[in-house]
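Novice: Before I ask anything, here is the structure I am working with.
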Amino acid sequence: MDEGGRWCEFTALTPPHLVETAAAFLREAAPGGIAVEEPVEPLGPEEGYAVRAGEPVALRAWLPATDLGGVLAQRLRESLAAFPDIELRARPLRERDWAVSWREFFGPVTVGRIAIVPTWIEYAPAAGQLVVRIDPGQAFGTGHHETTRLCLAALQERVRPGMRALDVGAGSGILSIAAARLGAAAVEAFEIDPVAAEAARAACAANGVDGRVTVRGAFPAEVAAPADVAVVNVSARADIAFAEALAAALRPGGRLIASGFLVGDRAQALAAFEARGLTLTGEREERGWALLDLAAGG
Amino acid sequence: MAKKVRAVLTLQIEAGKANPAPPIGPALGQHGANIMEFCKEYNARTQARAGDVIPAQLTIYEDRSFSFVLKTPPAADLLRKAAGVDKGAGAAKLEMAGSVTPADIRRIAETKLPDLNATDIEGAMKIIAGTARSMGIGIED
């Protein structure tokens, strides 16, 4: 296979106050642009991240492994030599390393009867298998996160043909489409982020379920009719905040699938749901992430 | 959806011209983010500002989905514009590439303040002045 052009990746580990300066030198060598990666500490789900203050920032530029690239690299080394606090590293890289590798990551994911497959992969489903086509992009829910997979597994137990379903925090629409594939007659999907909501609409259309899935804005909102099953996969804080509205949106005996939180937050989330009259009927875990399967009272 | 952050990176790239070549390809590729999806969206959002470097700050989540916001142009670009020069003098600093006024420094520092590692305008001005000097752009008295 063609491995594409050869490049050299330069990483300048730079103290925060010199970032603008180093960036200017890197851009002179690589006019096409550079990447600046902050040293971040990921916080919990939906809680973003913190920048590790004082730690070096990684500035990256890529130069072609050609004579011209060599000249530019030499100039870059000379410019940065004046800044002993900046550590410059270099490593060879081939085009194939990035052009193909990210797509390889997104191979099909199967959870029970459901297969999540990007549109660029030809896929022949096995007998009885349900295919959800999702291209990874600007909306959360690619099938590559534990909570998405936990919800996909739980939906297969709870969704029966003809049911009404709610999907709160729909992201890419992956769970709504899966619910429709499992036979749900009507799915209301709530997504506050307009970029994600648009992605979800497009994904529903691409999967041919846009007639059954309605993508709406923020939750809580009045639902069209009481739901047989609802899924909420956001975060402990959001799930708890939505608990009352979710309980109100379910028909008596309706089921709630709640995830998006870590095992450590399980008890707090469960308490919030139980306070709204829901009872625990089952639970799942994957790599530290939790899912609660609950039933509405009545 | 339970979004957990995997990486945060800023691309300094030219408005409307994103493509899968470096820096975008390798920068996103090594975190497994969808390169074409980003290019399409970035170009759509920045096409009206062709010619300027409009950095994009991406947040890549654990499942490789991402979001991004546009940032202020790099200090070096704003300095070159203020000094009326195409580029800095470069490494050797044998020649002065041009000069800016203290008012220019303050104005650029104000523009850049939200994106700089500085808590106040004085700190930001120091960073901008340092960048100017290292580029061979003088500051008039």
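Bear in mind that the values in this text are calculations on the coordinates, not laboratory data. These numbers were taken from a predicted model, which means no experiment stands behind them. Counting neighbours? That spans all protein chains shown, and the Cβs are built from the backbone with ideal geometry, glycine included.
Novice: Starting from the 7 Å offset along Cα-to-Cβ, what nm value, one decimal, do you get for the label separation of A:Ala267 and B:Ala48?
Specialist: Each label point lies 7 Å from its Cα, and together they span 5.3 nm.
Novice: Continuing with the same structure: Would you mind calculating the gained length between A:Leu43 and A:Ala206 on full extension (0.36 nm times residue separation, minus the Cα-Cα distance), in nm to one decimal?
Specialist: 55.3 nm
Novice: Summing Lys, Arg as +1 and Asp, Glu as -1, what charge do residues with Cβ under 15 Å from the Cβ of A:Ile240 carry, A:Ile240 excluded?
Specialist: Net charge in that neighbourhood comes out at -3.
Novice: Quick one: if you stick a label point 7 Å off each Cα along the C-beta vector at A:Arg160 and A:Arg75, how many nm between them?
Specialist: Going by the 7 Å Cα→Cβ label model, 7.2 nm.
Novice: What is the diffusion coefficient of the range A:133-264 in µm²/s, taking the Kirkwood radius over Cα pairs and the Stokes-Einstein relation at 25 °C with a viscosity of 0.890 mPa s?
Specialist: Translational D for this selection: 173 µm²/s.
Novice: Further question on the same structure: Between rounded, prolate and oblate, where does the protein assembly as shown land on the alpha carbon gyration tensor, with a ≥ b ≥ c its root eigenvalues, rounded for a/c under 1.5, else prolate if a/b exceeds b/c?
Specialist: Prolate shape, in that a/c is at least 1.5 and a/b is the bigger ratio.
Novice: Let me ask something else. Can you work out the FRET efficiency for the pair A:Ala275 and A:Arg6, with r the C-beta to C-beta distance and R0 = 56 Å, to the nearest 0.05?
Specialist: Values: r = 61 Å, r/R0 = 1.09.
The calculated FRET efficiency here is 0.35.
Novice: Take the cross-link list B:Lys81/B:Lys112; B:Lys17/B:Lys40; B:Lys40/B:Lys112; B:Lys3/B:Lys112 and give me the ones stretching past 19 Å between alpha-carbons.
Specialist: Numbers: B:Lys81/B:Lys112 14 Å; B:Lys17/B:Lys40 10 Å; B:Lys40/B:Lys112 26 Å; B:Lys3/B:Lys112 29 Å.
Long pairs (Cα-Cα over 19 Å): B:Lys40/B:Lys112; B:Lys3/B:Lys112.
Novice: Sticking with this one: Cβ neighbours within 10 Å, averaged per peptide: list B:118-125, A:74-81, A:231-238, A:161-168 in order, most packed at the top.
Specialist: Most protected by this proxy first, the peptides run A:231-238, A:161-168, A:74-81, B:118-125.
Novice: Helix A:146-158 versus the longest principal axis of chain A: what is the Cα-based angle in degrees, 0 to 90, to the nearest 10?
Specialist: Tilt relative to chain A: about 20 degrees.
Novice: Relative contact order for the range A:54-163: what percent, with Cα pairs under 8 Å and sequence separation of 6 or more?
Specialist: About 15 percent, as a whole number.
Novice: In the protein assembly as shown, what % of DSSP beta bridges are antiparallel (nearest 5)?
Specialist: Roughly 70 percent of the beta bridges in the protein assembly as shown run antiparallel, per DSSP.
Novice: A further question on this structure: Which FRET efficiency value, to the nearest 0.05, is calculated for A:Ala224 and A:Ala65 with the Förster distance at 60 angstrom and r the Cβ-Cβ distance?
Specialist: That gives a FRET efficiency of 0.50.
Novice: Indicate the gyration tensor shape class of the range A:6-104 (rounded, prolate or oblate), computed on the Cα atoms with a ≥ b ≥ c the square roots of the eigenvalues: a/c under 1.5 is rounded; otherwise a/b larger than b/c is prolate and the rest oblate.
Specialist: Taking the square roots of the gyration eigenvalues as a ≥ b ≥ c, the range A:6-104 is oblate.
Novice: Please compute, for peptide A:133-142, the average count of beta-carbon atoms on other protein chains lying within 10 Å of each residue's beta-carbon.
Specialist: Mean shielding count: 6.
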